[in-house]
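Every number in this text was worked out from the coordinates using simple rules, so none of it is lab data. Note that the structure is predicted; figures quoted are calculated from it, not measured. Here Cβ is always computed from backbone atoms with ideal geometry, including for glycine, and neighbour counts include all displayed protein chains.
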């Protein structure tokens, strides 16, 4: 291997010197000697008797270098096969890895003939391929882990970034936010910023929360830092279940129903806690349904407020929710979601209608069920 | 036609004004986030009526009963009234895992009705 490299370097050195010498005589010949294979023979003959530009010595040098290189390449197999000590160590390492060798394979690997050694190594490689290469050799038993490798996808860790990193990479949007697919435009108030669904999901993942496929984004007040995990934000979601029927809302009856319901099925985001009461009773003005729930957190004496405002459309509802606000901030919470819901406008033909539309999906729940989380 | 135009303009102006009011209120609340919102002026009349309606004797007579308590901020809570003092009403609210004694400041209460 070394001999091959040395020969190649000698040949290269003399070749470059020859190019320089010919270049001095004629630029064209120099360029042709450099670029055209074996053109140096033309230059050798052309300048044979020119004492300043002949390249006889250089040609000899290149010949010697090439010869050395070819000789080295011819013996590279021997180098690869290594010394007898190397081969002994190799056989030992195969035994340690659990590879079972036949006596003939072991004898061949320790042979002094490099061709035999290389042929045996190639045969072992084929055996390693086993069934896929269709080798005639009997499969060599290997350890169980190798035979049953875990899927690559499982071994690869999921993308985990910190909350601060996720917050720093989020893009803040101002002004009008339009979702053509839903047919809605939200005029985000001047003091608020919106981050889109992918950023919002990244934030949720960073918090270790399950992925919410209904999320459209988060809306946050400019005075709050997204990097602060305690800062509140408005969850913007799209409930794509279809047109939702309106029903009369009797606050006391709704609360009764909600508290008696032991298997709640919330369609909106809620805190993990028991419903104490409505901090703001559900009301529906024909377009926007809003209410606030006071909850006692599970395994805790802490009380929080969840505020919801839903702008209803013909094909579903656009949800604005803040969850886990301190009870003292109920007014801020409710005013914010209500303001945002009023800033959302459905495009013509996609706005909410009182009577069930003739075509299109119809939600399997009513406005009242949204507030009571009835199944 | 002019009337409709004027009405549309009025509606737009009213909507914008209401929206601006909400934004201003949010700013005000952001500066004092943990303080409950001051009741609106219109509520004060309602409070006076509610106070007259739910005088101390009436509420005291409901102790031990299941009641619905409405607050001035549109809130509503249902539970068993366990005590009614001059400062607060105490409700026992039954939750799936436990019962909670919940105190409502008397000044926030708009109405108490038996259930």
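Observations
- Residues B:76, A:161, A:45 arranged by fewest to most Cβ contacts within 10 Å: A:45, A:161, B:76
- Relative compactness, the stretch A:1-121, computed as alpha-carbon Rg over 2.2 N^0.38 Å: 1.67
- P(r) of the stretch A:249-375 over all Cα-Cα pairs, binned every 10 Å from zero, in whole percent: 13, 44, 32, 10, 1
- Fully extended contour minus Cα-Cα distance, from residue A:46 to residue A:171, at 0.36 nm per residue: 37.9 nm
- Angle between chain A longest axis and helix A:330-343 axis [Cα atoms, degrees, rounded to 10]: 80
- Cα-based helix-to-principal-axis angle, A:56-74 vs chain A, degrees rounded to 10: 60
- Here the extension length gained between residue A:301 and residue A:353 equals 14.5 nm, from 0.36 nm per residue of separation less the Cα-Cα distance.
- Once the C-beta distance of residue A:88 and residue A:6 is scaled by a Förster radius of 35 Å, the resulting FRET efficiency is 0.75 to the nearest 0.05.
- Judged by the ratio a/c of the largest to the smallest principal axis of the C-alpha gyration tensor, the stretch A:162-230 counts as oblate, that ratio being 1.5 or greater while a/b is no larger than b/c.
- Degrees separating the helix A:197-206 axis from the principal Cα axis of chain A, which is the longest one: 80
- Cα-Cα separations in the stretch A:164-372 greater than 32 Å, expressed as whole percent: 14
- Shape of chain A, Cα gyration tensor, a/c cut at 1.5: prolate
- Relative contact order (%) - criterion: Cα under 8 Å, at least six apart; region: chain A: 12
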